[in-house]
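One structure is given below, encoded as structure tokens.
The values are calculated or read from the model by the stated rules, or taken from the named source; none is laboratory data. Here the structure is a predicted model, which is why all the values come from computation and not from measurement. Positions of Cβ are generated from backbone atoms using ideal geometry, with glycine treated the same way; all protein chains shown enter the neighbour counts. The area values use the complete protein model at the heavy-atom level, side chains included, leaving out ligands, DNA and RNA. Shrake-Rupley method; radii C 1.70, N 1.55, O 1.52, S 1.80 Å.
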Amino acid sequence: MLHNFRDSLSINPVFARPGEAGSIHKYTLPKEPMLPETAYQIVHDESMLDGNARLNLATFVSTWMDQYADKLYTEAYDKNAIDKDEYPQTAAIETYCWRILADLWHAPDPSKAIGCSTTGSSEACMLGGLALKRRWQEMRRANGQCTDKPNLIMSSAVQVCWEKFCNYFDVEPRYVPISLEHKVLDGFELEKYVDEHTIGVVAILGVTYTGMYEPVHKISKALDEIQKKTGLDIMIHVDGASGAMIAPFVQPNLIWDFKLPRVASINTSGHKYGLVYPGLGWVVWRSADLLSENLIFKVSYLGGEMPTFALNFSRPGAQILLQYWAFLRYGYTGYRSVQEATMQVAQYLASEIAKLGPFELWNDASDIPVFAWVLKPDPNRNWTLYDLSDRLRMKGWQIPAYPMPGDLTDITVQRIVVRNGLSMDLAGRLIDDIRAQIEHLDTVNVKTPTVGNGVFHH
């Protein structure tokens, strides 16, 4: 008896051997094996329905590496990064990488820094947050003080991983709302949010919603003033998921990293502007004493003792090798060239979109190669940014529209993330497509029910 059509997958008879099933159920394990090429055909055909990764301007995650990286990846995909006894050189290369980052981010003495790889910035942020919480707890206990009700200060535009951290690890999130006057967390009125239970402040180097930098040096100065008045010594974790691999090359004079003594730790995504396939993240502490020893597990595993600080255990080691390959392949000047080229494409797109009548830029891609825009008010317009997003998806472009966070939810923005692999030629095609879709929307009566109206009102 055949399965319900929508619950089954049909098999092309060209691939199947005589007598092999002509369809399989999607949600149950097949009773019998099938030819490997048949299984390949099914999965290949299913995945063809995904969007074109190169035209995905919604994601920060790398979608391109060259053929030598691909070759290295296929040689190393079976390595387990956590098994340092069996794969000691992968473990050594992991250390090479975070030491390189400690040096790039101006740790006072990179040899005394400490760091590790993760599956991405979300895990890296969790580890950075845990280190802040444990350091605060140990200091409180040493002074005979209670350790309940810890809180963490962050922008209302923070990435959701920080909300998860606070939820999972019993930390009160204290959100500083962004506004039209303060589009990012910049230290304004920070004293209203911190107290003796504050474990730290998160500064974002590249806000997910818009790509804007939060001025870490201003936040640090505000905390200096707070310490003078109250004695509270509060550290900063820099969420540099994107910007920590842009600023050292594109804005080398920006003060945001371990040059600031209050910066305890920094994370980044190797799989974003580190130019590596997903999933890989990094977190580095300016010195080993900022990572509590009791957070590091020393476990017996496959014949050896292994120190580990991670939320995940077994995970791929190939991306660690790809990161070291990228460091060797590009070097400082190579990374600078790639990031500057990406910035040029982003700034070209921002300038061209600003010239289109309906739009006003929220920011101009001067921080990381990411920018957002809003619709200018027009009572005669019969479409929203959501409609434009849908029309562009028909051309293959994935460009999201969404409401801003916190007190600005009545403002809807559309955002572009430019990554290595989006050429100036493709950017020109995108502008042509946006212009064509605007012309189309202006001629039809379309109104999509949305959260927010997609229009920016001063």
Self-check item: Of residues in the stretch 30-55 being small (G, A, S) and surrounded by 11 or more Cβ atoms within 10 Å (Cβ to Cβ), the one nearest to G240 (Cα to Cα)
Solution: A53
Quiz prompt | Subset of the stretch 264-291 (residues that are hydroxyl-bearing (S, T, Y) and open to solvent by 10 Å² or more (accessible area, probe 1.4 Å)) | solution = Y277, S287
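Could you pull out every one of the helices (runs of 4 or more DSSP H) wholly within the stretch 113-231 that has 3 or more residues that are open to solvent by 10 Å² or more (accessible area, probe 1.4 Å) and basic (K, R)?
Values: elements: 121-142, 160-168, 216-230.
Counting at least 3 such residues, we get 121-142, 216-230.
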Quiz item: Can you pull out the residues in the stretch 372-386 that are open to solvent by 10 Å² or more (accessible area, probe 1.4 Å) and either touching a His at 6+ places or on another chain (Cβ under 8 Å) or hydroxyl-bearing (S, T, Y) (or both)?
Solution: P377, Y386
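Between S111, S122, S155, which is within 22 Å of A244 (Cβ to Cβ), touching a Cys at 6+ places or on another chain (Cβ under 6 Å) and of a type in the set (S, T, Y)?
Numbers: S111 fails: touching a Cys at 6+ places or on another chain (Cβ under 6 Å); S155 fails: touching a Cys at 6+ places or on another chain (Cβ under 6 Å).
Result of the check over S111, S122, S155: S122.
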Quiz prompt | Residues (open to solvent by less than 40 Å² (accessible area, probe 1.4 Å) and not small (G, A, S)) located in the stretch 387-401 | solution = D387, L388, L392, W397, Q398, I399, P400
Quiz item: Between a first residue in the stretch 13-27 that is in a strand (DSSP E or B) and a second residue that is modelled with pLDDT under 70 and aliphatic (A, V, I, L, M), which pairs have beta carbons less than 9 Å apart while being 6 or more apart in sequence or on different chains?
Solution: S23/L2
Quiz item: Are any residues in the stretch 79-107 charged (D, E, K, R) and either touching a residue at least 60 places away in the same chain (Cβ under 8 Å) or touching a strand residue (DSSP E or B) at 6+ places or on another chain (Cβ under 7 Å) (or both), and if so, which ones?
Solution: K79, D83, K84, D85, E86, E94
Practice problem: For residues that are of a type outside the set (G, A, S), touching a strand residue (DSSP E or B) at 6+ places or on another chain (Cβ under 6 Å) and surrounded by 23 or more Cβ atoms within 10 Å (Cβ to Cβ), scanning just the stretch 354-370, find the one that is farthest from E181 (Cα to Cα). | Solution: V370
Quiz item: How about the stretch 403-439: which of its residues are touching a Phe, Trp or Tyr at 6+ places or on another chain (Cβ under 8 Å) and under 27 Å from H182 (Cβ atoms)?
Solution: M404, P405, G406, I411, T412, V413, Q414, R415, I416, V417
Practice problem: For P261, indicate whether it is part of a loop (DSSP other than H, G, I, E, B), farther than 29 Å from S62 by Cβ and open to solvent by 50 Å² or more (accessible area, probe 1.4 Å). | Solution: yes
Self-check item: Conditions (1) within 17 Å of L205 (Cα to Cα); (2) among the polar types (S, T, N, Q); (3) open to solvent by less than 30 Å² (accessible area, probe 1.4 Å): number failed by Q251
Solution: (3)
Quiz item: Would you pick out the residues in the stretch 21-69 that are acidic (D, E) and over 35 Å from the mean Cα position of the chain (by Cα)?
Solution: E32, E37
Quiz item: Is there a residue being outside any loop (DSSP other than H, G, I, E, B) and under 23 Å from I204 (Cβ atoms) anywhere in the stretch 84-92?
Solution: no
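Residue check: is L101 modelled with pLDDT under 90, crowded, with 17+ Cβ neighbours inside 10 Å and within 30 Å of I416 (Cβ to Cβ)? Don't jump to the end; show me each part of the working.
Details: modelled with pLDDT under 90: no; crowded, with 17+ Cβ neighbours inside 10 Å: yes; within 30 Å of I416 (Cβ to Cβ): yes.
No; evaluated as a whole, the condition is false for this residue.
So, K298, is that one of a type outside the set (A, V, I, L, M, F, W, C), out of contact with any strand residue (DSSP E or B) (no Cβ under 6 Å at 6 or more places or on another chain) and not in a loop (DSSP other than H, G, I, E, B) or not?
Numbers: of a type outside the set (A, V, I, L, M, F, W, C): yes; out of contact with any strand residue (DSSP E or B) (no Cβ under 6 Å at 6 or more places or on another chain): no; not in a loop (DSSP other than H, G, I, E, B): yes.
Criteria not met by K298.
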Quiz item: Any residue at all in the stretch 323-331 that is farther than 22 Å from K79 by Cβ, more than 20 Å from the chain's Cα centre (by Cα) and either surrounded by 16 or more Cβ atoms within 10 Å (Cβ to Cβ) or of a type outside the set (D, E, K, R) (or both)?
Solution: yes
Exercise. Select from the stretch 56-98 the residues that are surrounded by 18 or more Cβ atoms within 10 Å (Cβ to Cβ) and among the hydroxyl-bearing types (S, T, Y) and list them in ascending order.
Key: S62, Y73, Y87, T90
Practice problem: Among the residues of the stretch 35-61, count how many are touching a residue at least 60 places away in the same chain (Cβ under 8 Å) and not hydroxyl-bearing (S, T, Y). | Solution: 9
